[in-house]
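The values are calculated or read from the model by the stated rules, or taken from the named source; none is laboratory data. This structure is a prediction, so every number in the text was calculated from the model and none was measured. All Cβ positions, glycine included, derive from the backbone under ideal geometry; neighbour counts span all protein chains shown. What goes into the accessible areas is simple: the full protein's heavy atoms, side chains included, and nothing from ligands, DNA or RNA. Shrake-Rupley method; radii C 1.70, N 1.55, O 1.52, S 1.80 Å.
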Amino acid sequence: MREALERGGQDLQDLVDLLRDQTGVAMATITVLDARTFCFTTVAGAAPFETEHDQAACRWSMPHDRVFSIEDLSTDPRTATLPFVDGRRASLRFYASAPLHTPDGDLVGRLCLFGTEPRTLTTLEARLLQVLARDVSAIIALRLLDADRDAAATSDEALVDFARLVHELRTPLLTLRGSLQMASDALDLDAESLAGRMLAMAHRSRARLEELVDAVLRLASHQAPEMAMVDLDAVVAGVLEGMAETLSAADARGLVEPLGVVRGDPAQLAVVVQNLVGNACKFTRPGVRPEVHVRAVDLPRARRIEVFDNGPGVPDEHGQSVFGLFQRYSRTEGYGIGLSTVAVVVRGHGGTVGVGPNPDGPGSCFWFELPHPESHPGGG
């Protein structure tokens, strides 16, 4: 954790600079607890520094998973004799902080404010601390994810390189989200005013861009499947249960024939099924109720899972390109990432994917093949 933050970066520095500028304090810091040492890794108003656990005001805030403040450190018995308060190292008077978390929710540090005069933390300042602490925690999560991504087993090096580029967009987006939220809180605009509508539009655009970035990062971070014997009927049932609202909103009808057992990663195969069923509900013909039919076909060395729909179909010239990243052949809303995810996961299982026409009428048949268990080393 400490190493992830000590790599620095303008992203974190921008956040603490913003916090200091907006609150007018002497110093703002990102602080992490490493063993018995508080490490002030990113600082506005001073150089990075460290202090022992028992000599830091942060020791009193760590048990609190919320914004915490002390109006006058010199009169509070918990902090009056600390070296940063009594003049030995500094003469700080005001302290406030908000919690920083790992992706698992563990409390690892604080986003802190330090002032040289006693003062009261305002409601707006407390909100700013909360918003920026959330963004710092998100950047921590991204840095940890970035460190783990090198171990990802996807064979698509171009996709990995592209994901690294997209990853760089995630941090300024987090800052943008926090800035927009603070603007909304501070301005209290009439939702129907021009400024209110423009701010709402900025929120929606930011959210849509975050969706796109997250989708690419999820696609690129698929790790090698954890192979096991998988009951596909149970996997599909779970996916359909989770998609109940989507299916209901689309008024879709479904038919699932017995699919049997394959060897694969149940979580990753659920992603494949969810994307293919979701595609069938998204790409429809006007006035035609969506129908989805899932069945299995045994081949000599593989089991093929076929997902039929009654939509507009896929033109022959797009039969292979639809599985490429960002490839779209219609105006339907989306990013062209779902089928890329299907292809990456299935190929990671040693299988193949494809699409053809629905032989029973208009529509498509998307399929993927997985080797029979005995085809895998150690299978059977």
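Wholly within the stretch 45-116, which strands (runs of 3 or more DSSP E) include no fewer than the required count, namely at least 3 residues that are open to solvent by less than 30 Å² (accessible area, probe 1.4 Å) and in contact with a strand residue (DSSP E or B) (Cβ under 6 Å, 6 or more places away or on another chain)?
On the way: elements: 49-52, 68-70, 94-101, 107-115.
Here the list reads 94-101, 107-115.
Provide a single number: the residues in the stretch 259-312 that are part of a loop (DSSP other than H, G, I, E, B) and closer than 22 Å to residue 227 by Cβ. Before you say what the answer is, go through the steps one by one.
Within the stretch 259-312, the first condition is being part of a loop (DSSP other than H, G, I, E, B), and the residues that meet it are 259-260, 265, 283-290, 299-301, 310-312.
After this cut, where a residue has to be closer than 22 Å to residue 227 by Cβ as well, the list is 259-260, 265, 299-301.
The qualifying residues number 6.
Taking the condition at pLDDT 85 or above and among the basic types (Lys, Arg), does residue 263 pass? Don't jump to the end; show me each part of the working.
On the way: at pLDDT 85 or above: yes; among the basic types (Lys, Arg): yes.
In short, yes.
Say whether the condition of being of a type in the set (A, V, I, L, M), in contact (Cβ under 8 Å) with a residue 12 or more places away in the chain and open to solvent by 10 Å² or more (accessible area, probe 1.4 Å) is met by at least one residue in the stretch 12-22. Quick ask: steps written out before the conclusion?
From the stretch 12-22, those of a type in the set (A, V, I, L, M) are 12, 15-16, 18-19; that's our starting set.
Still in the list and also in contact (Cβ under 8 Å) with a residue 12 or more places away in the chain: 12, 15-16, 18-19.
Among the residues that remain, those that are also open to solvent by 10 Å² or more (accessible area, probe 1.4 Å) are: 18.
Looking through the stretch 12-22, at least one residue is of a type in the set (A, V, I, L, M), in contact (Cβ under 8 Å) with a residue 12 or more places away in the chain and open to solvent by 10 Å² or more (accessible area, probe 1.4 Å).
From the list 255, 299, 276, which residue is buried (at least 20 other Cβ atoms within 10 Å of the Cβ) and at pLDDT 85 or above?
Details: 255 fails: buried (at least 20 other Cβ atoms within 10 Å of the Cβ); 299 fails: buried (at least 20 other Cβ atoms within 10 Å of the Cβ).
Going through 255, 299, 276 in turn, just one is buried (at least 20 other Cβ atoms within 10 Å of the Cβ) and at pLDDT 85 or above: 276.
Could you list, in sequence order, all residues of the stretch 280-296 that are open to solvent by 30 Å² or more (accessible area, probe 1.4 Å) and either over 18 Å from residue 342 (Cα atoms) or within 31 Å of the chain's Cα centre (by Cα) (or both)?
Filtering the stretch 280-296 for residues open to solvent by 30 Å² or more (accessible area, probe 1.4 Å) gives 282-289, 291, 293, 295-296.
Matches in the stretch 280-296: 282, 283, 284, 285, 286, 287, 288, 289, 291.
Suppose the filter is modelled with pLDDT of 90 or more, touching a Lys or Arg at 6+ places or on another chain (Cβ under 9 Å) and basic (Lys, Arg); does residue 89 pass it?
Numbers: modelled with pLDDT of 90 or more: yes; touching a Lys or Arg at 6+ places or on another chain (Cβ under 9 Å): no; basic (Lys, Arg): yes.
Spelling it out, it is not the case that residue 89 is modelled with pLDDT of 90 or more, touching a Lys or Arg at 6+ places or on another chain (Cβ under 9 Å) and basic (Lys, Arg).
Please state which one of 79, 29, 42, 75 is modelled with pLDDT of 95 or more, among the hydroxyl-bearing types (Ser, Thr, Tyr) and within 18 Å of residue 175 (Cα to Cα).
Values: 79 fails: within 18 Å of residue 175 (Cα to Cα); 42 fails: modelled with pLDDT of 95 or more; 75 fails: within 18 Å of residue 175 (Cα to Cα).
That would be 29, the only listed residue that is modelled with pLDDT of 95 or more, among the hydroxyl-bearing types (Ser, Thr, Tyr) and within 18 Å of residue 175 (Cα to Cα).
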